[in-house]
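So the structure is just underneath, and the comments pick up after that.
The values are calculated or read from the model by the stated rules, or taken from the named source; none is laboratory data. If you're wondering where the values come from, they're calculated on a predicted model, not measured in any experiment. Positions of Cβ are generated from backbone atoms using ideal geometry, with glycine treated the same way; all protein chains shown enter the neighbour counts. With ligands, DNA and RNA removed, areas are computed over all heavy atoms of the protein, side chains included. Shrake-Rupley method; radii C 1.70, N 1.55, O 1.52, S 1.80 Å.
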Amino acid sequence: MKSPLLALPGAVPAEGPDEGVAAHYGTIFGEQRALAEGRGFVDLSHRGVVTVTGEDRLSWLHLLLTQHVSALPPGQAADALILSPNGHVEHALYLVDDGTTVWAHVEPGTQQALIAYLESMKFFYRVEVADATAEFAVVHLPAGSTAAADGAAAVRELPYGRDLFLPREGLADAVAAFGPAAGVWAYEALRIEGHRPRLGFETDHRTIPHEVDWLETAVHLQKGCYRGQETVARVHNLGRPPRRLVFLHLDGTEEKLPPHGTEIRVAGQDRPVGFVTSSARHHELGPVALALVKRNTPVDAVLLADTVPGTQDVIVPA
């Protein structure tokens, strides 16, 4: 779905998973600085929007999600996952309940598969699931923003900002008061700096929540009764995840930025130990990346992303 905000001055369309919104508006580092200072907004209108209504919505979702949501207060944001029977991550939901409706945004193009799964699990519960992507768009305001959220159908308050669910009709007029526009390149650079995993980037078909630090934000370890819970409990209590997410400070003398999927090796060794999941040029830190590496990779080892060396910051302990 192509955003009307691509008509803003300087907008350069993003490609790949973020197609449909702007990668940047001509000042890549300036946009990052504005967001870091609490100014401006990010167009995330390419993300899928799913709503769940009905009096059983929270108790029903509580049975399906990794997060404790049965008594979620109105207005309180929550991140949650849906796992496979073997505990692998299948969906990531960023949700809030407004008292009558659960609003969730998800990765672009994943809402159809999510809705199909939710519909298959309705049984006798009094719930209605809908794809609201055509009617509502997600816009992100950074932490510290003083912009009013007037007109938003729902708001997710987060440590790193606010996610607004705004009517797609009239979106350009709605964001006019939010300050300068920032593209998804700026948003991604700050996401990487904040060590926040993203489905399809930091995950593959065998990712379990422990590997990417989702135990801290999207999994409630004191609840059960959800698909994949046995794997979560077993690895948390008895084992160790086979891989771990790391933050990489990359060598700034290299011109190229290693893309998603680039093999990671320990300097001086030939065998790959992992792969780059996301990378960006940060306005203060220079080139940075997130990578998923084998758990036993030495934490003090210099890693090579193809030919680009980088040092690690530990996110998930070895």
- Query: Name the pairs whose Cβ atoms lie under 7 Å apart, with the first residue in region 11-31 and within 8 Å of A182 (Cα to Cα), the second of a type in the set (S, T, Y), and 6 or more positions between them or separate chains?
  - Reply: E31/Y25
- Message: If a residue must be surrounded by fewer than 21 Cβ atoms within 10 Å (Cβ to Cβ) and in contact with a strand residue (DSSP E or B) (Cβ under 6 Å, 6 or more places away or on another chain), how many such residues does region 17-33 contain?
- Response: 1
- Note on the structure: Matching residues in region 236-259 (outside any loop (DSSP other than H, G, I, E, B), open to solvent by 10 Å² or more (accessible area, probe 1.4 Å) and either under 19 Å from G194 (Cα atoms) or in contact (Cβ under 8 Å) with a residue 24 or more places away in the chain (or both)) number 4
- Note on the structure: For region 162-186, the count of residues that are in contact (Cβ under 8 Å) with a residue 40 or more places away in the chain and open to solvent by less than 20 Å² (accessible area, probe 1.4 Å) equals 9
- Test result for G40, crowded, with 16+ Cβ neighbours inside 10 Å and in contact with a strand residue (DSSP E or B) (Cβ under 6 Å, 6 or more places away or on another chain): yes
- Item | Contacts under 6 angstrom Cβ, first residue in region 114-142 being over 19 Å from V155 (Cβ atoms) and touching a residue at least 12 places away in the same chain (Cβ under 8 Å), partner in a loop (DSSP other than H, G, I, E, B) and acidic (D, E), 6 or more apart | Y125/D56; R126/E55; R126/D56; V127/D56
- Assess whether V302 counts as being among the hydrophobic types (A, V, I, L, M, F, W, C) and more than 24 Å from the chain's Cα centre (by Cα). yes
- Task: Determine which single condition R47 fails, assuming it passes every other condition in (1) of a type outside the set (S, T, Y); (2) open to solvent by 30 Å² or more (accessible area, probe 1.4 Å); (3) farther than 15 Å from R227 by Cβ.
- Result: (2)
- Item | Flag for P317 being touching a residue at least 24 places away in the same chain (Cβ under 8 Å), out of contact with any Asp or Glu (no Cβ under 6 Å at 6 or more places or on another chain) and under 11 Å from R244 (Cα atoms) | yes
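This table checks each residue for (1) at pLDDT below 95; (2) aliphatic (A, V, I, L, M); (3) loosely packed, with under 15 Cβ neighbours inside 10 Å; (4) farther than 18 Å from A77 by Cα.
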{"site": "A104", "(1), (2), (3), (4)": "no, yes, no, no"}
{"site": "E107", "(1), (2), (3), (4)": "no, no, no, no"}
{"site": "M121", "(1), (2), (3), (4)": "no, yes, no, yes"}
{"site": "V129", "(1), (2), (3), (4)": "no, yes, no, yes"}
{"site": "A132", "(1), (2), (3), (4)": "no, yes, no, yes"}
{"site": "G144", "(1), (2), (3), (4)": "no, no, yes, no"}
{"site": "G151", "(1), (2), (3), (4)": "yes, no, yes, yes"}
- Query: Is it the case that A116 is farther than 19 Å from G54 by Cβ, surrounded by fewer than 21 Cβ atoms within 10 Å (Cβ to Cβ) and small (G, A, S)?
  - Reply: no
- Within region 120-134, can you find the residues that are farther than 17 Å from L95 by Cβ and out of contact with any Gly (no Cβ under 9 Å at 6 or more places or on another chain)? S120, K122, F123, F124, A134
- Among residues of region 65-116 being of a type in the set (S, T, Y) and part of a strand (DSSP E or B), the residue farthest from F201 (Cα to Cα) is T101
- Examine region 289-296 for a residue that is open to solvent by less than 60 Å² (accessible area, probe 1.4 Å) and not in a strand (DSSP E or B), and state whether such a residue exists. no
- Note on the structure: Subset of region 199-235, residues in a helix (DSSP H, G or I) and either buried (at least 16 other Cβ atoms within 10 Å of the Cβ) or of a type in the set (S, T, N, Q) (or both), comes to P209, H210, E211, V212, Q229, T231, V232, V235
